[in-house]
Amino acid sequence: MRVLMTAATAALMLAACGGPSEPAADGAATPAMAAAPAAAPASAISGPIAGKWQITITSAGMTLPPQETCYEKQMTMEEAQKMQQDAGMTCSEQTYAPDGKSGHSVCTLQGMTVTSDYKVTGDFNTSYTMEMTSAIDPAPPGLAGPSTTTVKMDRLGDCTATTP
């Protein structure tokens with residue numbers, strides 16, 4: 001479960017800071033999402049607007065307690081990719097739709113290859129939901145086959161001095 005959460009967190013960085021994405025784990029075999037979207041330049045895709053956001057992650061049939069985070073600015077996908085690299089994730093494939101609302105990636109994290117496809121509904125100004133289907137190789141014990149993680153993001157308002 002720790003590996004799954006690490007992968008989910010890395011995906012969340014990409015999703016929340018660029019054009020959404022989120023990893024997976026429900027243990028059930030889930031078909032991969034639609035064909036890979038046409039590539040878009042990472043510098044052209046922007047994610048959620050600045051402000052305080054509430055993040056709710058559901059994975060493996062469990063919903064984690066909501067967390068709040070503050071985005072000081074709206075980041076590009078390029079900036080989100082840099083954050084992934086800084087967190088130890090390297091990607092050999094990353095393609096996104098021009099609006100950043102769907103994508104495909106093949107990334108390595110902690111010696112595992114995570115192949116993910118995601119789709120986002122909603123908007124990056126007020127509220128959106130990202131569903132990510134991922135497969136991990138080698139699969140952690142108890143996580144055979146693709147799994148799905150859902151990330152719900154709701155903007156709560158402007159950041160405050162006490163927002164993390």
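The values are calculated or read from the model by the stated rules, or taken from the named source; none is laboratory data. What you see is a predicted model; the values in this text were computed from it and never measured. Because the Cβ atoms are built from the backbone with ideal geometry, glycine has one as well, and the counts that use them run over all protein chains shown.
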Looking at region 121-149, which of its residues are touching a strand residue (DSSP E or B) at 6+ places or on another chain (Cβ under 8 Å), loosely packed, with under 15 Cβ neighbours inside 10 Å and on the phi > 0 side of the Ramachandran plot?
-> GLY145
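Report, by residue number, each residue of region 82-107 that is part of a helix (DSSP H, G or I), polar (S, T, N, Q) and surrounded by fewer than 20 Cβ atoms within 10 Å (Cβ to Cβ).
Within region 82-107, the first condition is being part of a helix (DSSP H, G or I), and the residues that meet it are 82-86.
Okay, now just the ones that are also polar (S, T, N, Q), so 84-85.
Scanning region 82-107 gives a single hit, GLN85.
Any residue at all in region 40-60 that is closer than 16 Å to MET153 by Cα, surrounded by fewer than 16 Cβ atoms within 10 Å (Cβ to Cβ), polar (S, T, N, Q) and modelled with pLDDT of 50 or more?
yes
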Among the residues of region 108-136 satisfying the criterion of being assigned to a strand (DSSP E or B), hydroxyl-bearing (Ser, Thr, Tyr) and without any contact (Cβ under 8 Å) to a residue 60 or more places away in the chain, which is farthest from CYS91 (Cα to Cα)?
-> SER127
Matching residues in region 92-118 - criterion: being under 24 Å from PRO138 (Cβ atoms) and hydrophobic (A, V, I, L, M, F, W, C) = VAL106, CYS107, LEU109, MET112, VAL114
Is it the case that some residue within region 83-102 is touching a helix residue (DSSP H, G or I) at 6+ places or on another chain (Cβ under 6 Å), farther than 20 Å from GLU131 by Cα and of a type in the set (D, E, K, R)?
-> no
Would a scan of region 119-135 turn up a residue that is more than 24 Å from TRP53 (Cβ to Cβ) and out of contact with any helix residue (DSSP H, G or I) (no Cβ under 8 Å at 6 or more places or on another chain)?
-> yes
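Count, please, the residues in region 51-81 that happen to be small (Gly, Ala, Ser), under 24 Å from THR108 (Cα atoms) and part of a loop (DSSP other than H, G, I, E, B).
Within region 51-81, the first condition is being small (Gly, Ala, Ser), and the residues that meet it are 51, 59-61, 80.
Narrowing the set further to residues that are under 24 Å from THR108 (Cα atoms) leaves 59-60, 80.
This time we only want the ones that are part of a loop (DSSP other than H, G, I, E, B), so: 60.
Adding up the residues that qualify gives 1.
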Confirm whether ALA97 is modelled with pLDDT of 50 or more and touching a Gly at 6+ places or on another chain (Cβ under 6 Å).
-> no
Those residues that are touching a helix residue (DSSP H, G or I) at 6+ places or on another chain (Cβ under 7 Å) and either part of a strand (DSSP E or B) or more than 18 Å from GLN110 (Cβ to Cβ) (or both), I need them from region 137-149; list them, please.
-> THR149
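Which of the residues belonging to region 63-91 are over 20 Å from ASP137 (Cα atoms) and touching a Ser or Thr at 6+ places or on another chain (Cβ under 6 Å)? So that I can check it myself, show each step before the final result.
Of all residues in region 63-91, those over 20 Å from ASP137 (Cα atoms) come to 63-83, 86.
Across region 63-91, the qualifying residues are PRO66, CYS70, GLN74, THR76, GLU78.
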